[in-house]
Amino acid sequence: MSRPATGVHLTGWGGYAPSLVLTNADLERMVETNDEWIVTRTGIRERHIARPDETTASMAAVAGLRAIATAGLQPDDIDLIIVGTLTPDYPMPSTAALVKEAIGNRRAAAMDLAAACSGFVYGYATAHAYVASGMYRHVLVIGAETLSRVTDWTDRGTAILFGDAAGAAVLSASDEPGGTLGIELTTEPSGAYYIWLPGGGAARPAGAATVDGREHFIHMKGTETFKMAVRTLGSTATAAVRAAGLTLDEVDLVIPHQANYRIIEGLSKSLGFPMERVFVNVDCYGNTSAASVPLALAEAVAAGRVMRGDRLLFVAFGAGLTSGAIALQWTEDPANAARAAAIGPADVTIAPGYLGPTNPFPTALEWIRERDEAPAKG
Ligand code: COA
């Protein structure tokens with residue numbers, strides 16, 4: 001059923017990060033690196049790692065349930081579920097289909113979206129279009145990643161960067177003022193192989209050669225990615241603000257993709273936008289790809305950094321190279337987050353497939369898990 005075109009508001013938000021933590025000191029014991037190098041070059045101090053019973057779908061479902069509760073909705077109120085991810089549980093079915101069952105929704109359409117670290121921002125833009133057209137009333141957009149399972153734990157150039165998490169938002173139709181103001185999305189294929197996961201697709205199907213060649217892990221040209229990221233983030237952010245009919249001075253808080261503190265600082269400098277009005281939590285989570293912006297949003301709201309009427313700017317970049325930015329005016333009561341306080345991993349179950357159980361946890365990190373799970377001495 002279609003309704004007249006309408007305004008689109010962000011009405012629900014939520015994040016989830018697994019409880020297992022991998023610190024820079026832990027990495028020092030795994031690869032030739034040190035805390036000072038990692039902090040100076042990236043700003044990252046620790047990242048979270050999914051436990052063996054956690055997957056992208058399970059983390060996405062927790063964040064999704066939190067966002068639905070924050071919005072004051074029931075799971076069945078959701079018309080469409082979009083999961084942005086580069087680490088789906090399986091190539092098919094979609095992770096979104098598994099999430100739909102896990103959150104107890106019986107009526108939504110569900111699909112995944114492949115835009116790497118820009119996945120949430122692209123998902124937001126997609127959800128916006130469905131709601132603005134009148135096709136759907138409430139869309140759940142999730143960014144979720146289990147990057148620990150596609151990270152080469154012997155490669156110091158990438159192992160220090162990534163972490164696991166999920167974040168979610170509900171976009172809803174509303175005729176109130178505010179909500180989404182401006183959107184910009186770009187894709188620059190000249191950087192397509194800067195960040196790349198070569199093995200397992202139709203061009204390089206999984207086999208002994210792709211395993212031996214470590215092709216099922218993330219490969220990255222760090223310096224090239226860095227330069228392109230700063231440039232693209234700035235132009236995309238500026239375009240979204242202009243599309244919103246605003247100037248940068250009128251933006252209260254920028255929530256950027258949390259890839260690297262120096263990239264975020266470079267963005268702030270290139271825009272002439274003060275770091276005091278940029279939200280940063282890369283120190284605690286590393287780069288969680290599609291999860292990073294919605295997880296940062298949930299933390300920014302919890303930290304009292306977002307008030308009713310504030311103008312926010314989300315901006316992300318990722319493999320593709322994709323980039324996207326959303327300018328919006330916040331219209332919700334931050335205290336609604338309390339509605340999600342009791343929701344946790346015990347509230348979701350991912351239906352198992354018909355193959356036998358397997359342990360997906362990275363062998364190189366088993367020692368951290370054993371340490372974490374060892375009974376406290378005393
Ligand atoms: N610990 C210690 N030394 C390291 C290291 C580590 N973890 N990783 C690399 N090095 C070394 C390199 O081998 C190199 O040594 P050399 O000069 O003897 O050859 C030196 O440090 C400098 O390496 P370089 O790659 O030039 O460093 P950099 O300043 O570019 O920082 C990154 C590397 C990866 C932190 C940086 O390029 C980056 O963040 N890029 C963007 C990555 C990103 O955001 N990807 C995701 C996008 S969504």
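Every number in this text was worked out from the coordinates using simple rules, so none of it is lab data. All values derive from a computational prediction rather than experimental measurement. Here the Cβ positions follow ideal geometry from the backbone for every residue, glycine too, while neighbour counts run over all protein chains shown.
Distance between the modelled labels on Ala302 and Lys227, one decimal in nanometres: 3.8 nm (7 Å Cα→Cβ projection). The packing ranking, built from the mean of other Cβ atoms within 10 Å per residue, places the peptides 205-216, 122-133, 291-302 in the order 291-302, 122-133, 205-216, highest first. Candidate cross-link partners of Lys227 among the aspartates and glutamates, defined by an alpha-carbon separation under 15 Å and a same-chain spacing of 8 or more, comprise Glu188, Glu265. Length available on full extension from Asp249 to Glu370: 0.36 nm per residue minus the Cα-Cα distance, which gives 38.6 nm.
Amide H contacts of Leu86: Ala290, each under 5 Å away and 5 or more positions distant or on a separate chain (H built 1.01 Å from N in the peptide plane; Pro and chain starts excluded). In terms of its Cα atoms, the range 1-94 spans 58, 29, 22 Å along the principal axes, sorted from long to short. Note on Ala206 and Glu36: the extension gain reaches 57.5 nm, defined as 0.36 nm multiplied by sequence separation minus the Cα-Cα distance. Contact order for the chain, expressed relative to its length and based on alpha carbon pairs under 8 Å spaced 6+ residues apart, stands at 25 percent. The phi-based Karplus calculation (6.51 cos²θ - 1.76 cosθ + 1.60; θ = phi - 60°) puts the 3J(HN,Hα) values of the range 289-298 at 6, 4, 7, 5, 5, x, 5, 5, 4, 4 Hz, whole numbers, x for Gly and Pro. Once C-alpha pairs closer than 8 Å and six or more residues apart are averaged by separation and normalised to the residue number of the range 183-246, the relative contact order reads 42 percent.
One way to sum up the overall shape of the chain is the equivalent ellipsoid from its Cα gyration tensor, whose semi-axes run 30, 25, 20 Å, largest first. Remark: the range 299-311, residue by residue, has Karplus-estimated 3J(HN,Hα) of 5, 5, 5, 4, 7, x, 8, 10, 10, 3, x, 5, 9 Hz, where x stands for each Gly or Pro and the curve is 6.51 cos²θ - 1.76 cosθ + 1.60 at θ = phi - 60°. Taking each residue as 0.36 nm, the span from Ala192 to Arg242 lengthens on full extension beyond its C-alpha to C-alpha distance by 15.3 nm. Taking amide H positions as modeled 1.01 Å from N, with prolines and chain starts lacking one, the residues under 5 Å from Leu181 and 5 or more places away or on another chain are Ala327, Leu328, Gln329. Highest mobility in the GNM of the chain, judged by mean-square fluctuation with C-alpha springs under 10 Å and restricted to Leu22, Leu355, Leu140, is found for Leu355. Rounded to whole numbers, the Karplus 3J(HN,Hα) couplings from phi for the range 254-269 are 9, 10, x, 4, 8, 9, 6, 4, 5, 5, 5, 5, x, 5, 4, 5 Hz, using 6.51 cos²θ - 1.76 cosθ + 1.60 with θ = phi - 60°, and x at Gly and Pro. In the chain, the calculated helix contribution to ellipticity at 222 nm averages -9000 deg cm²/dmol per residue, counting -39,500 (n - 2.57) for every DSSP H run with n ≥ 4.
Within a straight-line Cα-Cα reach of under 16 Å, Lys269 can be paired with the following aspartates and glutamates, leaving aside sequence neighbours fewer than 8 residues apart in one chain: Asp249.
Using a Gaussian network for the chain with springs between C-alpha atoms less than 10 Å apart, which of these wobbles most: Leu253, Leu185, Leu365? So, out of Leu253, Leu185, Leu365, the one fluctuating most is Leu365.
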